[in-house]
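Report on the structure given below.
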Amino acid sequence: MTLFEPVKILIEKSALDLPYAQKLLRYFSETPVQEVDEIQQTKKTLHDYFSKNVLLITDYKGDIIKRCPGTRGALCCNYYVANIINGCPFYCTYCILHDYINCGSVMICANTEKFFDELRAKTREKFLLRLGTGELADSLALEPFVHLNDELLPGLKECKNVVLELKTKSAFVDSILKYDVADKVVVGWSVNPQNIIDTDEYKSASLKQRIEAARIMVQNGYKVTFHFDPIILVPDWQEQYRAVIRMLRDSIPGEQVAWLSLGGLRFTASLRKIIQDRFKKSDILSYGEFVPCPDGKLRYFRPVRVNMYRFMLKEIMAWNRSIPVYLCMESQQVWKQVFGSLPLERSALAHVYTPYPDTDLHEE
Amino acid sequence: MNKIYSILSAEQINRADEFFRVGSSYNSDMLRRLLDEWGVIAPLIVSRHGESYRIVEGFDRFDCAVLHGITELPVIEVDTDEFSCYRFAIFNAVRQESCDIFDIAQALAVLSDYFLVPRQDIATEYLPFFGFSCRDKILDKLITIHKFDPSQKKLCRDECIETDKILLISDIDRTIRNDMIELMIELRPSINKVKQIIELIDEISGREGKPPAEVLSDPLLRSILDDEACNAGQKLNRFREALYGRRNPALSRTLELVDRKIRQLKLDNRIKLIIPPYLEGDQLRLEAEFENKEQLEEIARNLLQTAGLKSFGELLDIIKEP
Ligand code: SF4
């Protein structure tokens, strides 16, 4: 069975004439198609049994690009997200999508022109807009099937002051290399020890495959990013994560790492329930001690988290001291404990944490 | 479908064949009184099976009638297949609200194993009919519940353990199911507490690499359950605390230490020092109650004194870097 094999396509009538929608229908020419008035309405009625492996093609009316919602009590890194694809064929136990997108289907916004209109309206001279497509999806997991890069990358070449991060757990990078966009695109990998990939990141690429794909990108002049997120405190986590960092060190020159993030395992109470119910074999909830945080998510108890970040930071610095490391969704207090200072006081990160000139106050 | 109204002698009916029985007996006292006054009026529904008849609906009426010495009963004989009869029996049991969760689980097992109804049809057609949402997970739970030992089913029924709780213990490790049933009978925890206990046992078991039964056989937990000086509520709290402490040793130790330090401050009892929940945050808050200037001054003096205490410094240190 391939990674993505939709049994049905639901397409919004208003999307029928969009060029990308037409292409998608060609890519999946064997799949039965049903036209619907409004995908959002239809989505609500999709039932567990029938919605898995349904591809929804929409002419999305809302904002495609949004400021990353961040989380209460955490420092904001001024990231923007473009939710062109919602849904993922991988199956990570801890994935927040289980909680957000409950119908299990994949939705693609076919109106990519709107994406570029929004992007042009948001970029500003002298400020680099960091944009990612991996908030409600894996940026590249569906690439061999939906060829989104062919829609985005040629247009992106013309856009100024933007860097698009394609965050993935796959090794599907070939389609990027077709375009000369090393100054506009960074590819980011979520990394974890292979043990954890085996037990908690089903269907995703192995650690070796991810690192090899990163090496290929670097070889082709691209910068890459890495995300140790979520870090999971399995019994011998220190040895395991140290080994991952050493593997990275052996393949990727530190100077080519645009940024690297650290984030401990965190989940909402409802996601916790989903993990307990669906992933009986996963042990991730058993390790570490979790406490509710001001944003309602459960995280490892603060001293445990701080200790974990300090360890990771030390190992990363041993790889290369110039890698900009930041903490994902962490409070000032934790930042200070780990780094001794806040990101704005750290030169390597100041440009990231300087508030982006607000193009979209009305969004908030 | 052909229906024949007739009178059958009790002997023609094979009472022992309970294939179509779905659900438990209902209030037979009342039935007995009705029979005293009216005799058997509502016909039993039966279907022919070889030389005799099987009851599709009316087991309790049959039993009461026989007890009353009635030897002939009005019946409606239905001439249809087993599956239709079974579906009728199910609908009837639901209508009479005579099904508990074990009956439902049994009925679903018959549909699946005997009538080979596809899983998806059971989930979408029958689960909602029994009042459940049509989800795979619920179906799995009900299948497990059907496999409970008869003694476990009996205990749950006799002690009126609620359906939600039975669903909860359906997918716990089999080796602790008896213990959990006993615990629910003895300590009467709410559904949320049962959930918490199960989660804690599960996580301790995963963390320590010990089977759940071994976690539950911890002498400390046993001694709490055996402590005759405590009532059920007290036992339940201590039991949960003990599990929580074992699951979260660093957190429990730190919170205990913070508590101790706060007690050492001997704050005026009109002052409340509030630490950030679970030490997520570094801001402490104060609440003070006073009615006049003098009381406020007194509180201020107490606070000043507290600020100079060694334990106050220690408390701040713990909160800053637990
Ligand atoms: S790869 Fe990302 S989006 Fe996909 S299942 Fe895993 S965590 Fe979720």
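The values are calculated or read from the model by the stated rules, or taken from the named source; none is laboratory data. Note that the structure is predicted; figures quoted are calculated from it, not measured. All Cβ positions, even for glycine, are placed from backbone atoms using ideal geometry, and neighbour counts span all protein chains on display. Please note that ligands, DNA and RNA were not included when accessible areas were found on the heavy atoms of the full protein model with its side chains. Shrake-Rupley method; radii C 1.70, N 1.55, O 1.52, S 1.80 Å.
Tabulated values for the structure
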{"quantity": "Residue identified as hydroxyl-bearing (Ser, Thr, Tyr) and touching a Pro at 6+ places or on another chain (Cβ under 9 Å) among B:47, B:112, B:98", "calculated": "B:112"}
{"quantity": "The one condition in (1) at negative phi; (2) within 14 Å of chain B (Cβ to nearest Cβ); (3) open to solvent by 10 Å² or more (accessible area, probe 1.4 Å) that residue A:284 fails to fulfil", "calculated": "(3)"}
{"quantity": "Where residue A:265 falls short, out of the listed (1) open to solvent by less than 10 Å² (accessible area, probe 1.4 Å); (2) within 14 Å of another protein chain (Cβ to nearest Cβ); (3) touching an Asp or Glu at 6+ places or on another chain (Cβ under 8 Å)", "calculated": "(3)"}
{"quantity": "Index of the failed condition, residue B:312 passing every other in (1) open to solvent by less than 50 Å² (accessible area, probe 1.4 Å); (2) within 13 Å of chain A (Cβ to nearest Cβ)", "calculated": "(2)"}
{"quantity": "Selection count where residues are more than 14 Å from chain B (Cβ to nearest Cβ) and modelled with pLDDT under 75, scope segment A:43-69", "calculated": "2"}
{"quantity": "Flag for residue B:84 being touching a Lys or Arg at 6+ places or on another chain (Cβ under 6 Å) and small (Gly, Ala, Ser)", "calculated": "no"}
{"quantity": "Residue match in segment B:210-228 (condition: outside the structural domain of residue B:188 (by TED's automatic domain parsing) and β-branched (Val, Ile, Thr))", "calculated": "no"}
{"quantity": "Residue in segment A:160-169 that is closer than 26 Å to residue B:203 by Cβ, open to solvent by less than 20 Å² (accessible area, probe 1.4 Å) and either part of a loop (DSSP other than H, G, I, E, B) or more than 14 Å from the ligand (Cβ to nearest atom) (or both) present", "calculated": "no"}
{"quantity": "For residue B:189: the one exception among (1) away from every other protein chain (no Cβ under 14 Å); (2) in a helix (DSSP H, G or I)", "calculated": "(2)"}
{"quantity": "Filter result for the condition that a residue is in a helix (DSSP H, G or I), crowded, with 17+ Cβ neighbours inside 10 Å and either within 14 Å of chain A (Cβ to nearest Cβ) or among the small types (Gly, Ala, Ser) (or both), over B:181, B:172, B:166, B:197", "calculated": "B:197"}
{"quantity": "Evaluation of residue A:141 against (1) under 22 Å from residue A:256 (Cα atoms); (2) out of contact with any Leu (no Cβ under 6 Å at 6 or more places or on another chain) (one fails), failing number", "calculated": "(1)"}
